[in-house]
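The values are calculated or read from the model by the stated rules, or taken from the named source; none is laboratory data. No experiment lies behind these values; they were computed from the predicted model shown. Cβ placement follows ideal geometry from the backbone for every residue including glycine, while neighbour counts extend to all protein chains displayed.
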Amino acid sequence: MIIDFRYHIASLVAVFLALGLGILVGGIMLKSDVLVDRQKQMTDKLEIQLEQLRQKNEAVEAQVSSLQVNYKAQEEFEKQILPLLVKGRLEGYQIALVETNSYSFSDDLIAVLQMAGVKVLSVTTIMGSFDQSVNMEALKARLSWKDVGDGQLATRLASEVARGILVNDNRPVLDSLVEAGVVKISGEYGKPLSGVVIIGGSQEREMIKTGAVDLPVIDYFLAGKIPVYGVEEMDIPYSYMKEYQKRRISTVDNIDSVPGQVALVLAMAGKSGHYGIKPTAQKLLPALDDAKEVKNVLR
């Protein structure tokens, strides 16, 4: 039988196409199986990792819960032990509080001082930066300080605030500063002082003013033989402790905590030093090295 040549060629082409198609389908199926295997391996790994993360999360949650329990127990312990450590240690003391950061401070501070027998005569708050809070020329005109340069104004105002606290013979100046919104005052001024607590630290770099305000205030009281104690809160971004310590005064850098408040009371009772938790501190608390002190606490 004679086979048509074109038919023969078409048959060969069909065979080759079928063979190519078979190879293509087989390759795809083979690749598909490989992909499935890889996806399964990745899924298995992800499940293992997720399980590990779940276990770690459970461990962290358990640890947090334990820490919360311990923290509450510590708080309760501090409340119980606080009166034993400070009660009556400073009977007859009269102090002034000077706040140079206007961020306010914990009400517990005054309560602890009163527990120790301290009478807080006055609280003076310097509102922000002297140079930024008021129109300097208007204030100088009001106070008749035309000869005071702009660079000297903050230091002069700080000294006047300190003078008003201690002797109060410049009441018109103090009242002018209050009216100008530069300071806030409360309490009794011009009374004898056993000491001054200056509360510093700054939340903003631009508001740091130790050289212009804090140190002149400290210098004024030290010149009058009035002990000064420099304090600030734990989380304040810009600490003043190093600058305060240049004046050789006792410092406490965690005054918003029970240990810090105890340290302040003990420092005022004669255990001078630098206390707290920051690098500028010497130790957390003064040592209770007197047998009578320890006996009183354990009684």
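Limited to the stretch 178-189, what total is found for residues that are in a loop (DSSP other than H, G, I, E, B), modelled with pLDDT of 90 or more and surrounded by fewer than 16 Cβ atoms within 10 Å (Cβ to Cβ)?
Of the residues in the stretch 178-189, 1 are in a loop (DSSP other than H, G, I, E, B), modelled with pLDDT of 90 or more and surrounded by fewer than 16 Cβ atoms within 10 Å (Cβ to Cβ).
Would you be able to tell me the number of residues in the stretch 207-221 that are surrounded by fewer than 19 Cβ atoms within 10 Å (Cβ to Cβ) and under 14 Å from residue 98 (Cα atoms)?
1
For the stretch 260-280, which positions are crowded, with 19+ Cβ neighbours inside 10 Å and within 19 Å of the chain's Cα centre (by Cα)?
260, 261, 262, 263, 264, 274, 275, 276
Would you be able to tell me the number of residues in the stretch 140-161 that are within 35 Å of the chain's Cα centre (by Cα) and on the phi > 0 side of the Ramachandran plot?
0
Among the residues of the stretch 138-177, what is the count of those that are surrounded by 14 or more Cβ atoms within 10 Å (Cβ to Cβ) and not small (Gly, Ala, Ser)?
Looking only at that region, the number is 20.
Yes/no matrix, rows are residues, columns are (1) of a type in the set (D, E, K, R); (2) at pLDDT below 95; (3) part of a loop (DSSP other than H, G, I, E, B); (4) surrounded by fewer than 14 Cβ atoms within 10 Å (Cβ to Cβ):
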| residue | (1), (2), (3), (4) |
| --- | --- |
| 230 | no, no, no, no |
| 235 | yes, yes, yes, yes |
| 243 | yes, no, no, no |
| 297 | no, yes, no, yes |
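Mind listing whichever residues of the stretch 46-62 are at pLDDT 80 or above and of a type in the set (S, T, N, Q)?
52, 55, 57, listed by residue number.
Restricting to the stretch 54-97, name every residue that is touching a helix residue (DSSP H, G or I) at 6+ places or on another chain (Cβ under 7 Å) and assigned to a helix (DSSP H, G or I).
78, 82, 83, 84, 85, 86
Do we find that residue 182 is over 30 Å from the mean Cα position of the chain (by Cα) and farther than 22 Å from residue 110 by Cβ in this structure?
no
Under the condition of being part of a loop (DSSP other than H, G, I, E, B) and aliphatic (A, V, I, L, M), which residue from the stretch 245-260 is farthest from residue 274 (Cα to Cα)?
255
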